[in-house]
Amino acid sequence: MKKDNKEKTKVKKPLTEAQVERRGALKQALKDLIAPTAVVAVVAIVLFIAVKFANKPEVYKEVRPFGYEPIPGYEEKPIVLESDQLILSLDPATTDFTVTQKSTGKSWYSNAENAENDPMALDSEKKMLKSNVIISYAQVNGLETVLDCSGNVAKGLYEIKLENDTIKLFYSFGNIQREYVIPPVMLEEDLAKWKGNLEKEDAQYVSEYYKKYDINKLSAKDNKDELLANYPSMADHIIYVLRTNVRENVKRELEKRFEKAGYTYEDFLNDKLLDESVSSDSSAVFNVEMDLRLEGGDLIVEVPFKGIEYKEQYPVYTVLPLPYFGAAYSDAEGFMFVPEGGGALINYNNGKASQSDYYANVYGWDMCLSREYVIHNTRAYFNVFGQGRDGSSYICIMEDGAGYASVRSAISGRINNYNYVDAKYSVCPGEKYDIDELSNAAVYQYLDKLPDESIVQRYRFIDSDDYVDMAKEYGRYLEEKYPGYMTVNASDGTPVAIELVGAIDKVRQVLGIPVSRPLKLTSYKDASKIVEELANAGIGDLSVKYSAWCNDGVRQNLLNNVHTISELGRGSDLKKLTAKAKELGVDLYLDGVTQYEYDSNIFDGFFSFRDAARFLNKERAELYQYSMVTYAAREGAKSYYLLRADLAEKMAKNLIKATDKYGAEVSFSDIGMDVSSDFRRGKTYSREYNKNVDINLLRSADDSGKKIMINMGNDYAIPYVDFVTNMELKGSEYTLLDKMVPFYQIAIHGLVNYAGQPINICGNEEQEILTSAEYGASLYYTLMSESSFAIQKTLYPEYYGSEYAAWKDRLIETCKRYNTELGSTFGQRMTGHRTMGDVTCTEYEDGSKVYVNYSFTDSYKTPEGTVVPARDYALVK
């Protein structure tokens with residue numbers, strides 16, 4: 001008999017009417033319970049949070065003020081550091097110091113010398129002038145308060161340590177008194193423990209200054225209720241309380257003995273909790289460490305972030321190390337150097353007290369800090385400031401932390417009688433939260449903690465007060481710092497940079513729907529033709545930047561997938577272009593945007609919640625174009641995003657890979673010009689960290705043999721690039737400035753090719769050519785194959801003057817003449833620069849001189865007899 005392996009199907013009995021009714025009633029009852037259950041759950045959670053966190057006092061980090069104790073052997077004499085070129089002498093009673101150049105005997109004072117006698121300065125300003133460090137702190141409402149250290153130094157609230165030829169200065173800030181690490185109150189058993197660790201004489205000394213309280217043996221004079229209120233532990237323990245009116249010298253001796261007994265600051269904090277007679281300290285107290293050391297002819301000043309202590313509710317906002325170093329009184333003659341454009345001089349006491357002080361952000365604005373209005377963007381693209389007088393000078397090179405710095409300078413006659421220049425570091429930025437649409441109140445969020453970094457300033461002293469010698473010294477510094485990278489170009493002609501614009505976007509009707517599509521300005525074949533014509537016209541050292549060539553053009557999509565634009569041609573056409581450029585000896589650079597997203601969506605691999613950087617308030621870093629009329633974000637203009645830091649690095653690597661694919665060099669639109677932070681929760685990247693990421697990326701590409709082009713030319717990028725375009729040669733010529741000078745250009749000329757603004761669309765062709773001749777800059781043009789009519793009804797009026805056909809003949813003529821007269825200077829270092837009224841003279845190492853006559857009316861006859869017409873230049877050998 002065969003087994004039946006099929007399972008028997010169970011037949012369910014139908015429910016009775018009563019069962020159905022009961023089941024329906026149960027379901028309805030459960031549904032009815034959902035809402036009240038949810039409400040009860042929410043209430044329970046709220047109550048849990050309320051019980052857990054309500055009425056609990058905020059516990060903040062304690063900041064222990066410093067207290068001065070003389071270094072043995074330096075009680076009554078200065079602390080001296082000495083190198084082969086410098087002597088640093090520090091007064092331990094004030095921490096003021098001088099740096100003396102051995103070769104000349106010239107001394108530079110650490111702050112404003114004799115500030116106490118300044119009749120113009122208020123008392124509060126005098127304290128600032130006498131401070132070696134100034135800080136500001138912020139509060140939750142955004143209020144910023146500035147603190148000096150000189151007042152607390154006078155109170156002895158500082159420390160000095162001497163470690164391995166480094167003087168470490170520790171300053172305390174805030175309205176505080178000297179705090180001694182001795183128990184204000186302690187239990188009887190604790191006193192016995194500490195005394196047990198001491199010699200008999202020391203133990204007896206300690207006992208003399210503490211009064212015993214036993215609740216069971218109080219005297220008639222003791223107020224039991226008051227004592228219990230002040231010292232609650234007395235209810236269960238015998239206690240000892242530090243006697244009142246103990247003198248400062250006695251407290252110092254007690255502190256030494258308790259330290260000998262093993263008493264720590266943690267023990268002190270625990271014992272302070274036993275003393276309810278003193279309210280808990282919630283005042284704003286800060287500590288800052290500043291280290292000094294000598295290296296040859298340099299003074300190194302370092303402020304490690306780990307040495308900046310503050311309470312969480314009072315974050316340190318800015319730090320100014322040596323704000324008045326070398327400050328010159330109103331009777332001095334000299335100048336201050338600031339990094340505006342290629343450099344600028346502000347003469348001491350220039351009488352422009354009605355003008356605002358000089359201020360510029362190093363490397364421009366950090367784009368991960370939001371702005372509601374933009375009136376003017378300040379920018380310094382190199383990290384130097386300085387002073388010169390009395391046959392000597394110094395340059396201060398902001399080495400570490402430069403991305404947080406802003407250079408300031410002021411003349412005498414405004415709020416005091418001193419001329420000074422310094423760097424202010426924004427170490428803990430803040431971002432505003434709007435907490436209520438119906439309220440004007442705002443709360444500020446600040447950086448949770450400082451990164452593990454330092455501020456480092458290198459003061460290099462020079463036996464000359466000529467800005468040319470200062471610039472040369474900066475050039476030597478760059479060569480020392482980047483050996484093998486800062487080498488002289490083998491050039492015997494004028495380098496010329498041409499930017500060809502591929503495509504812009506324009507709205508068109510597609511089936512009656514407005515759609516933004518790429519509009520061809522220069523196709524791949526057009527670009528090949530232009531390159532060939534210019535090369536054959538005799539423009540020898542030609543570099544071509546091809547921008548807007550991929551991913552939809554100027555408003556480039558994310559470079560997740562780098563692809564050509566069909567309106568410009570095929571990939572094979574682009575490869576033919578790069579092959580043609582190589583054949584003609586032309587360096588072709590493919591340009592791309594790697595730090596920003598302009599017109600991408602999810603189909604391009606961009607999701608703003610995931611891929612955008614974050615402001616401090618954790619909102620996406622959405623950026624805007626700003627109106628020159630209202631200074632607010634332009635209405636109707638498209639916003640764009642700053643990419644998160646790790647994604648921006650990936651996009652840069654993708655761009656390099658794409659240029660490898662097509663056999664071209666690489667051009668970065670943003671790296672080397674912009675550098676920003678990223679405050680994403682859990683993945684915070686500081687501006688300094690991202691700067692180092694860019695440095696490593698550029699170095700890696702350079703080491704691989706890749707040629708690199710960038711814009712602006714920030715100092716940290718210069719060693720690794722081959723060409724810089726859009727360099728701000730003269731910057732903003734503020735009224736306060738007395739003279740614009742090619743300081744940066746003197747330092748780097750002959751080491752890297754650089755050019756100013758595009759001559760044909762800068763607004764003043766003649767002025768740009770003259771400035772380029774003075775500053776040793778190459779020529780730079782922006783061109784397109786299409787006519788200017790093609791960009792009508794688009795958002796790109798800046799390209800109206802870019803039509804190649806209209807500029808071809810004038811461009812070739814200008815470049816040929818520039819090369820004929822100045823081409824021999826481009827492989828040389830600059831050796832001199834001076835100004836004679838409307839005429840400047842730039843000198844080179846072979847003895848040749850370039851005269852530039854800026855006058856609109858008068859010609860100029862050089863000492864060598866050459867006549868330079870008005871608005872022209874000439875080379876004299």
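The values are calculated or read from the model by the stated rules, or taken from the named source; none is laboratory data. The shown structure was predicted, so the numbers you read here are calculated from the model rather than taken from an experiment. Glycine also receives a Cβ, built like all others from the backbone with ideal geometry; neighbour counts cover every protein chain displayed. When the accessible area is computed, the model is the full protein with side chains, heavy atoms only, and any ligands, DNA or RNA have been set aside. Shrake-Rupley method; radii C 1.70, N 1.55, O 1.52, S 1.80 Å.
For Arg247, which of the numbered conditions (1) open to solvent by 70 Å² or more (accessible area, probe 1.4 Å); (2) touching a residue at least 12 places away in the same chain (Cβ under 8 Å) fails to hold?
Here Arg247 clears every test but (2).
Of all residues in region 655-678, how many are of a type in the set (D, E, K, R) and open to solvent by less than 10 Å² (accessible area, probe 1.4 Å)?
So the answer is 2.
Quick check on region 527-545: of everything there that is open to solvent by 40 Å² or more (accessible area, probe 1.4 Å) and under 41 Å from the mean Cα position of the chain (by Cα), which residue is modelled with the lowest pLDDT?
Looking at residues that are open to solvent by 40 Å² or more (accessible area, probe 1.4 Å) and under 41 Å from the mean Cα position of the chain (by Cα), I get Gly540.
State which residue is surrounded by the fewest Cβ atoms within 10 Å (Cβ to Cβ) when the search covers only region 789-819 and only residues that are free of Cβ contacts under 8 Å to residues at least 12 places away in the same chain and part of a helix (DSSP H, G or I).
Phe789
When Arg681 is evaluated against the numbered criteria (1) open to solvent by 70 Å² or more (accessible area, probe 1.4 Å); (2) touching a residue at least 12 places away in the same chain (Cβ under 8 Å); (3) of a type outside the set (Ser, Thr, Tyr); (4) under 30 Å from Thr578 (Cα atoms), which criterion, by number, is the only one it fails?
Against the list (1) open to solvent by 70 Å² or more (accessible area, probe 1.4 Å); (2) touching a residue at least 12 places away in the same chain (Cβ under 8 Å); (3) of a type outside the set (Ser, Thr, Tyr); (4) under 30 Å from Thr578 (Cα atoms), Arg681 comes up short only on (4).
Collect the residues in region 130-183 that are of a type in the set (A, V, I, L, M, F, W, C) and either surrounded by fewer than 20 Cβ atoms within 10 Å (Cβ to Cβ) or in a loop (DSSP other than H, G, I, E, B) (or both), keeping them in residue-number order.
Matches in region 130-183: Val140, Leu143, Val146, Cys149, Ala154, Leu157, Ile160, Leu162, Ile176, Val181, Ile182.
Which is open to solvent by 70 Å² or more (accessible area, probe 1.4 Å) and within 19 Å of Phe173 (Cβ to Cβ), of Ser110, Ser124?
Ser124
I need a count of the residues in region 569-607 that are of a type outside the set (Asp, Glu) and either touching a Lys or Arg at 6+ places or on another chain (Cβ under 6 Å) or assigned to a loop (DSSP other than H, G, I, E, B) (or both).
Number satisfying all stated conditions: 14.
Which residue, of Leu147, Leu157, Leu191, is under 21 Å from Glu75 (Cα atoms) and in contact (Cβ under 8 Å) with a residue 40 or more places away in the chain?
Only one candidate passes the filter, namely Leu157.
Using the structure shown, decide if Arg257 is in contact (Cβ under 8 Å) with a residue 24 or more places away in the chain, open to solvent by 20 Å² or more (accessible area, probe 1.4 Å), of a type in the set (Lys, Arg) and assigned to a strand (DSSP E or B).
no
Just one of Glu333, Glu372, Glu340 is acidic (Asp, Glu) and in contact with a Gly (Cβ under 7 Å, 6 or more places away or on another chain); which is it?
Of Glu333, Glu372, Glu340, the one residue that is acidic (Asp, Glu) and in contact with a Gly (Cβ under 7 Å, 6 or more places away or on another chain) is Glu340.
Can you tell which of Ala632, Ala652, Ala612 is in contact (Cβ under 8 Å) with a residue 40 or more places away in the chain and surrounded by 20 or more Cβ atoms within 10 Å (Cβ to Cβ)?
Ala652
Quickly run through region 465-497 and pick out the residues that are more than 20 Å from Glu340 (Cα to Cα), touching a strand residue (DSSP E or B) at 6+ places or on another chain (Cβ under 8 Å) and open to solvent by less than 20 Å² (accessible area, probe 1.4 Å).
Thr494, Pro495, Val496, Ala497, listed by residue number.
Filter region 820-838 down to the residues that are part of a helix (DSSP H, G or I) and among the β-branched types (Val, Ile, Thr), then identify the one that is surrounded by the fewest Cβ atoms within 10 Å (Cβ to Cβ).
Of everything passing the filter in region 820-838, Thr820 is surrounded by the fewest Cβ atoms within 10 Å (Cβ to Cβ).
Which of the residues spanning region 307-349 are outside any strand (DSSP E or B) and within 21 Å of Ala360 (Cβ to Cβ)?
Within region 307-349, Leu322, Pro323, Tyr324, Phe325, Gly326, Ala327, Pro339, Glu340, Gly341, Gly342, Gly343, Tyr348 meet the criteria.
Any chance you could count how many residues in region 139-185 are among the charged types (D, E, K, R) and closer than 30 Å to Gln445 by Cβ?
Selection size over region 139-185: 2.
Select, from Gly307, Gly326, the only residue that is under 19 Å from Ile135 (Cβ atoms) and either crowded, with 23+ Cβ neighbours inside 10 Å or of a type in the set (Gly, Ala, Ser) (or both).
Gly307
Look through region 70-101, keep the residues that are surrounded by fewer than 15 Cβ atoms within 10 Å (Cβ to Cβ) and of a type in the set (D, E, K, R), and return whichever of them is nearest to Leu129 (Cα to Cα).
Residue satisfying both the conditions and the ranking: Asp91.
Return yes or no: is Tyr689 in contact with an Asp or Glu (Cβ under 9 Å, 6 or more places away or on another chain) and among the aromatic types (Phe, Trp, Tyr)?
Yes: the conditions hold for Tyr689.
Does any residue of region 217-231 turn out to be closer than 26 Å to Leu157 by Cβ and either open to solvent by less than 70 Å² (accessible area, probe 1.4 Å) or without any contact (Cβ under 8 Å) to a residue 40 or more places away in the chain (or both)?
The answer is no; no qualifying residue exists.
Going by the structure shown, is Ala755 among the small types (Gly, Ala, Ser) and either more than 25 Å from Tyr851 (Cα to Cα) or open to solvent by 20 Å² or more (accessible area, probe 1.4 Å) (or both)?
no
How about region 272-306: which of its residues are outside any strand (DSSP E or B) and touching a helix residue (DSSP H, G or I) at 6+ places or on another chain (Cβ under 8 Å)?
Leu274, Asp275, Glu276, Ser277, Val278
Hey, could you check region 568-609 for residues that are aromatic (Phe, Trp, Tyr) and free of Cβ contacts under 8 Å to residues at least 24 places away in the same chain and say which is least open to solvent (accessible area, probe 1.4 Å)?
Applying the filter and picking the extreme gives Phe607.
Counting only residues that are hydrophobic (A, V, I, L, M, F, W, C) and over 19 Å from Lys506 (Cβ atoms), how many does region 784-810 have?
Number satisfying all stated conditions: 3.
I'd like to verify a number: residues in region 140-156 that are under 21 Å from Arg64 (Cβ atoms), aliphatic (A, V, I, L, M) and out of contact with any Phe, Trp or Tyr (no Cβ under 6 Å at 6 or more places or on another chain), how many?
The number of residues fulfilling the criteria is 2.
I'm trying to understand the selection: among the residues of region 225-252, which are assigned to a loop (DSSP other than H, G, I, E, B) and among the aliphatic types (A, V, I, L, M)?
Those that are assigned to a loop (DSSP other than H, G, I, E, B) and among the aliphatic types (A, V, I, L, M): Ile238, Val246.
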